[in-house]
1. With at positive phi, away from the ligand (no atom under 14 Å from the Cβ) and either hydroxyl-bearing (Ser, Thr, Tyr) or more than 23 Å from the chain's Cα centre (by Cα) (or both) as the only criterion, which of Asn237, Asn201 stands out?
2. Please find, among Gly191, Gly195, the residue that is modelled with pLDDT of 90 or more, within 13 Å of the ligand (Cβ to nearest atom), of a type in the set (Gly, Ala, Ser) and in contact with a Gly (Cβ under 7 Å, 6 or more places away or on another chain).
3. Quick one: which residue in Ala502, Ala556, Ala562 is touching a residue at least 12 places away in the same chain (Cβ under 8 Å), assigned to a loop (DSSP other than H, G, I, E, B) and either closer than 27 Å to Arg351 by Cβ or touching a Cys at 6+ places or on another chain (Cβ under 9 Å) (or both)?
4. Somewhere in segment 74-81, is a residue touching a His at 6+ places or on another chain (Cβ under 8 Å), crowded, with 22+ Cβ neighbours inside 10 Å and touching a residue at least 40 places away in the same chain (Cβ under 8 Å)?
5. Just need a number here: residues in segment 194-205 that are under 16 Å from Leu60 (Cα atoms) and in a loop (DSSP other than H, G, I, E, B).
6. When you scan segment 150-171, how many residues do you find that are more than 12 Å from Gln33 (Cα to Cα) and either modelled with pLDDT under 95 or not basic (Lys, Arg) (or both)?
7. Filter the helices (runs of 4 or more DSSP H) completely within segment 264-377 down to those with at least 2 residues that are acidic (Asp, Glu).
Amino acid sequence: MHQPAAHPRSSIYYQYKVFQPWLPSAHPKQERQKVVLVGAGPVGLTAALELARHGVPSVLLESELQVSEGSRAIVFTRRSMEILQQVGVAQRVTENGLPWRFGNSYYRGQQVYRLEAPHDADDRFFPMINLQQQYLEEYLIDAVLANPLIELRWGNRVTHVAQDQGLARVEVDTPEGPYPLETRWLIASDGARSGLRSLLNLKLEGASFEGRFVIADIRIDLPLSTERRAFFDPDWNPGNTVLLHREPHGIWRVDYQLPAGETPEQALKPEAMKARIDALMAQIGFAGLPWEMDWCSVYSARNLTLPDYRCGNVLFMGDAAHLLPIFGVRGANTGFQDAQSLAWHLAMVVRGLAPEALLANYSRERVGAAREIIDEAGKSTRFMTPPSRGFRLLRDAVLSLSLTQAFVRPLYHWRTSRPHEYTRSALNSPGDDTLLFKAGPGHGAPPQNIRLGADDYLLDHLGGGFDLLYFTQETAVPAALLQVVNAARARGLALRVIAVGARQPVTGADQTLLDADGHFRQRYGVTADGAAYLLRPDQHICARWLTLDASRLQAALNTALAQPAA
Ligand SMILES: Cc1cc2nc3c(=O)[nH]c(=O)nc-3n(C[C@H](O)[C@H](O)[C@H](O)COP(=O)(O)OP(=O)(O)OC[C@H]3O[C@@H](n4cnc5c(N)ncnc54)[C@H](O)[C@@H]3O)c2cc1C
């Protein structure tokens, strides 16, 4: 019988709330479900909200009775915020998080590199914002609890899975014993140690790295701004790397590599941690400043992914699908993109708007994203924790040279998580005009946000389905285009037409956005009326035209839904 911890976890800044378990005796009849998600971490919660946005109900099974222990992911990217905006929690993150855009690298106490992440007037969100994962989960849970299409079952642990006749059958253990549950689609969002992955005997591919890191959250009154600080080869941890991040509520994340040969048990001993954290504080000029420990843990860097995120009727996402190093803030941030992507692909299939073949595209695109990250993150990881004598020699040469040679300094900087562009996606329109555009987001890219007013941005107006940005100064959308739009809607497809550029509301458009100074058109590379962009439900661009007509729009919609041409 599954007995999740029923007392709140301890923390000096976060009040854990313990939820009541969902018990089968109170719900004797179990209906077959369309979609069941296993794991209400940040990725499962986001996917359930996204599915609901596309009109698909789901049951979300969570083994625990409270949110995750410790701050875990603390840095969220702009793209994550854009996704969180769609599910209604970005504002709470903005209100409570700490935005930043500068990163600093130090070698032997001397600053050798300062990174400035791009941020322009068209961006609603900062490149990065720091917030402890518990808060993010709490905001997502509040949104889930307010959503009538999602049933969240606390204290429900999946222990078995079987698949046959196009169904997944799971056994769910609860504090009063197990019950069976049947579903058409099962989503595995059960985290790094995914039980579903093991039950289905699926193997992750890739590499694990030798280096281990201690993560410690301490409360300390440091008068420093919110910027990322990386210390290479400090006197007190020679040859190793140390990271320092500010979190809300006076908490700081200290992240340092274990010296070779030291075990996690030795590293987590209070006296060992005190000596190292005191040494770090002394190094940055705050010797003797009192601090208090909130949470600590040890982790190792891994670069692993499943080769396919679909196994029959089970679909994988987040840490269940891949394990990525946290340098460059990849874990949770990549998971949000998985959640957004899986939700729309699956919603189209569940609602009969696309064939099952569309799900292969989810897997292809997101495995591609994970592999790109693994490639980039591998370079960062090898720099931070050189896996061999050769790598260490090279790394040390870069470090020493950086004291006198500016050109090597950018090598310190590891690339942070950025949204993957589905450049070669099968859903992109082969017959459009993308190659003729001189600017603007291309095939598979997420949209460039545009500031439309004091507190008004393009991305505030997108979402819920496909969006057609139609650039025109005419009074109406051409009737032939509207015919295609209306036929798609009649089949149940959510497709909005947003006219851009006219001074008056454009007839046939759901909305008209003014572009008085032509800034929008310029950023999107539009030079004449009649140009258009088609955005998928995850906002990525799947087609763009200098001149759009009805047959091109129809062809693009068919391609984006993996439908054969009519
Ligand atoms: C120590 C640590 C530090 C980290 N630091 C960072 C960081 O700084 N930046 C970053 O981006 N990422 C970081 N991460 C990674 C980040 O926390 C994860 O990438 C993120 O939580 C993944 O979300 P998820 O929803 O896929 O999985 P999880 O958050 O792990 O959620 C999985 C959920 O599934 C539930 N579950 C598991 N098995 C079952 C089952 N059989 N039945 C029902 N429910 C089940 C679990 O209880 C859990 O709630 C860190 C992780 C750790 C462990």
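1. Numbers: Asn237 fails: at positive phi.
After applying the criteria, what remains is Asn201.
2. On the way: Gly195 fails: in contact with a Gly (Cβ under 7 Å, 6 or more places away or on another chain).
None of the others qualify; the one that does is Gly191.
3. Details: Ala502 fails: either closer than 27 Å to Arg351 by Cβ or touching a Cys at 6+ places or on another chain (Cβ under 9 Å) (or both); Ala556 fails: assigned to a loop (DSSP other than H, G, I, E, B).
Of Ala502, Ala556, Ala562, the one residue that is touching a residue at least 12 places away in the same chain (Cβ under 8 Å), assigned to a loop (DSSP other than H, G, I, E, B) and either closer than 27 Å to Arg351 by Cβ or touching a Cys at 6+ places or on another chain (Cβ under 9 Å) (or both) is Ala562.
4. Just the residues of segment 74-81 that are touching a His at 6+ places or on another chain (Cβ under 8 Å), to begin with: 74-75.
Narrowing further to those that are crowded, with 22+ Cβ neighbours inside 10 Å: 74-75.
With the extra rule that they be touching a residue at least 40 places away in the same chain (Cβ under 8 Å), the set shrinks to 74-75.
There is at least one residue in segment 74-81 that is touching a His at 6+ places or on another chain (Cβ under 8 Å), crowded, with 22+ Cβ neighbours inside 10 Å and touching a residue at least 40 places away in the same chain (Cβ under 8 Å).
5. Quick first cut of segment 194-205, residues under 16 Å from Leu60 (Cα atoms) only: 194-196.
Keeping just the survivors that are in a loop (DSSP other than H, G, I, E, B) gives 194.
Number of matching residues: 1.
6. To start, the set of residues in segment 150-171 that are more than 12 Å from Gln33 (Cα to Cα) comprises 152-166, 171.
Filter once more, so that each one left must be either modelled with pLDDT under 95 or not basic (Lys, Arg) (or both): 152, 154-156, 158-166, 171.
Adding up the residues that qualify gives 14.
7. Working: elements: 264-267, 270-283, 331-350.
Result: 270-283.
Table: residues versus (1) assigned to a helix (DSSP H, G or I); (2) over 21 Å from the mean Cα position of the chain (by Cα); (3) within 16 Å of the ligand (Cβ to nearest atom).
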position	(1), (2), (3)
Ala6	no, yes, yes
Phe19	no, yes, yes
Leu37	no, no, yes
Val43	yes, no, yes
Glu64	no, yes, yes
Met81	yes, no, yes
Glu95	yes, no, no
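The values are calculated or read from the model by the stated rules, or taken from the named source; none is laboratory data. The model shown is predicted, which means the values in this text are computed figures rather than measured ones. Every residue, glycine as well, gets a Cβ built from its backbone with ideal geometry; the counts of neighbours run over all protein chains shown.
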